[in-house]
Amino acid sequence: MKVVKFGGSSLADAAQFKKVIRIVLADPDRQVVVTSAPGKRFEGDIKVTDLLIKYAKATLAHQPNSYAEEIFARYQEIGTGFNVDQQVLNDIKAKLTALPTKTYPNADYLMAAFKAHGERLNAELFAACLNQLGTKARFVDPSEAGILLTDNPNGASILEATYTHLKQLKYGDEKLIFPGFFGFTTQGEIVTFARGGSDITGSILARGLHASLYENFTDVNAIYAANPKIVDHPIPISKMTFREMRELSYAGFSVFNDEAIIPAIQGQVPINVKNTNHPELPGTLIVPEKELSIKRPVTGITGSNRFAALYLHRYLLNKEVGFTLKILQILYKYGVSYEHMPSGIDDLTIIFDRNQLNDDTIHKMCHDIQNTVKPDDMEWIDDYAIIMVVGEGMRARIGTIENIIRPLAEHNIAVHMINQGASRISIMLGTRESDADDAIRYIYDHFFKSGQAAKPSSTVRLDSTII
Ligand SMILES: Nc1ncnc2c1ncn2[C@@H]1O[C@H](COP(=O)(O)OP(=O)(O)O)[C@@H](O)[C@H]1O
Ligand SMILES: N[C@@H](CC(=O)OP(=O)(O)O)C(=O)O
């Protein structure tokens, strides 16, 4: 049995629905289908999830608005394209208009419930379209399947009990159509994963139902060695490991949600990322292990601007017991987690995900750190990007760091931090945001265009380097 997930771009309108249905029917093993909400139909279009967010905000602000009609029009175009029963469309319209009349524990739960309806209504409509074409299909509500999530309305995580519940789910007689992106708390409230979270639902089902393969259909032919919006015609990756994907999606390969890899790893279910518009192409296979390539140590290069860093300098830091502990206690006090903490003998850089911080928290946190640990030098760096160079082959090759740094030095790009991950399959660099895309292009060119024979080292400029 295969679990097949279709992203928003694959389900954006009736024409895309037709391609998706052809894919589902082409392989009888594709028994469980996960849908996203209708995504962008063209450059500049608005995803239904973003319309639902606007609808929720207008509702919270008691503003009259016409978002329910605008959103309904997206479903209507699809349903009409398949001649689905008018009752199905009436039901979708009624659910959209009823959203503001329901009661929610607070604004965060309201937001989650509004957003979840993008996937919920699309899954209902998808099942109706299949039925209309004579294929037995059934919409499965996450509450029926027992998809239980943590009580974090717009950034929930899976609860282990879900996997016990999924053991009860029967499949085989009909296609099961699951909405992605949301589940329920133990109190019965709708909560969603973070954005892009339909990939996580697919992965959970693949693990819970012991799928032989998790197929993830999107709008690109494969996962490329770099984001195609940054590098012109990057090479496609035919095979990569779970670990490589985890590191690459964490730092910018948005084609596959970074948390979504975890259930697939736990269940050891291979993932195949494919293009809905070209299903005949092999796409990218993500597997537990692969043979190491000595010729190509780097699998992919990515970057993300969602970080900020706190740089601390104090002489004899290495001799001081409890320095880091005091800082961590301050982070704990403000409910802030950190992403990385590279250190030197007298220096420490703490890298944060900027999405979890606001100006007030930054101010208070820095104030407490200044007063408590009294560093000689302390700097908050907002202009901070992280570049990740990832490849299983790097473990077996000497000189990769030099080959990453040289093209940057040659183009005068300053590197603020280098950190070789303990996994030994990734090297992380900190740069200015404005340098990040160029840095990715230069590293890409070096490893993928000009060959990467280790050249003798040249002078390398490292600004406040921490290794
Ligand atoms: N390395 C990469 N390889 C392929 N696509 C990438 C990469 N990095 C970022 N992307 C972007 O990810 C997009 C697909 O992800 P997403 O928009 O979430 O799709 P979906 O709507 O199918 O879930 C692509 O259109 C591409 O712009
Ligand atoms: N629709 C949600 C969840 C999702 O995963 O969507 P997509 O598969 O289109 O990335 C979002 O936009 O975040």
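So the values come out like this:
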quantity	calculated
Inter-label distance for Leu325 and Lys167, nm, one decimal - labels placed 7 Å from Cα along Cα-to-Cβ	4.2
Isotropic mean projected area of the C-alpha convex hull, region 294-409 (nm²)	8.9
Sites matching chymotrypsin sites (Phe, Trp or Tyr not before Pro) across region 1-86 that sit in DSSP coil, with at most 14 neighbouring C-beta atoms within 10 Å	Phe42
Equivalent ellipsoid, region 68-126 (semi-axes from 5 times Cα gyration tensor eigenvalues, Å)	23, 10, 9
Net charge of Cβ neighbours under 13 Å - reference Ala116; Lys, Arg +1; Asp, Glu -1	0
Residues Met378 and Lys18, FRET efficiency given R0 of 60 Å [Cβ-Cβ distance, rounded to 0.05]	0.55
Hull-based mean projected area of region 171-321, where the convex hull spans the alpha carbons, in square nanometres	15.0
Estimated 222 nm signal from helices in the chain, with DSSP H stretches of n ≥ 4 weighted -39500 (n - 2.57), rounded to 500	-11000 deg cm²/dmol
Where GluC sites (Glu not before Pro) in DSSP loops with at most 12 other Cβ within 10 Å are excluded, longest remaining stretch of the chain	321-467
Of the trypsin sites (Lys or Arg not before Pro) in region 120-171, those whose Cβ has at most 16 other Cβ within 10 Å and which sit in DSSP loop	Lys136, Lys167, Lys170
The chain - convex hull of alpha carbons, volume per residue in Å³	158
Per-selection Rg to Rh, region 379-450 - Cα, Kirkwood hydrodynamic radius	0.96
Average silhouette area of region 151-217, convex hull of alpha-carbon atoms, in square nanometres	4.9
Chymotrypsin sites (Phe, Trp or Tyr not before Pro) restricted to DSSP loop in region 334-410 with at most 16 other C-beta within 10 Å	Tyr334, Tyr338
Length released on extending from Thr103 to Asp346, taking residue separation times 0.36 nm less the Cα-Cα span	82.1 nm
Total formal charge among the other residues, if their Cβ is under 11 angstrom from that of Asp151, Lys/Arg +1 and Asp/Glu -1	-2
Principal axes of region 132-260: Cα extent on each, largest first, Å	45, 39, 26
Cα centroid separation, region 189-204 to region 205-268 (Å)	16
Length released on extending from Ser143 to Arg306, taking residue separation times 0.36 nm less the Cα-Cα span	55.4 nm
Rounded to whole Hz, the Karplus (6.51, -1.76, 1.60) HN-Hα couplings of region 398-406, x for glycine and proline	8, x, 5, 4, 4, 6, 7, 6, 4
Spread of Cα-to-Cα distances over 5 Å intervals beginning at zero, given as percent, for region 19-173	1, 8, 16, 19, 19, 17, 12, 6, 2, 0
Theoretical FRET efficiency, 1/(1+(r/R0)^6), r = Cβ-Cβ of Arg424 and Gln266, R0 30 Å, to 0.05	0.85
Principal semi-axes in Å for region 94-189 [√(5λ), Cα gyration tensor, largest first]	24, 19, 9
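We did not get these values from a lab; they are worked out from the coordinates using the rules stated. For clarity, every value in this text was computed on a predicted model and none was experimentally measured. Methodologically, a virtual Cβ is constructed for each residue, glycine included, from the backbone with ideal geometry; neighbour enumeration extends over all protein chains shown.
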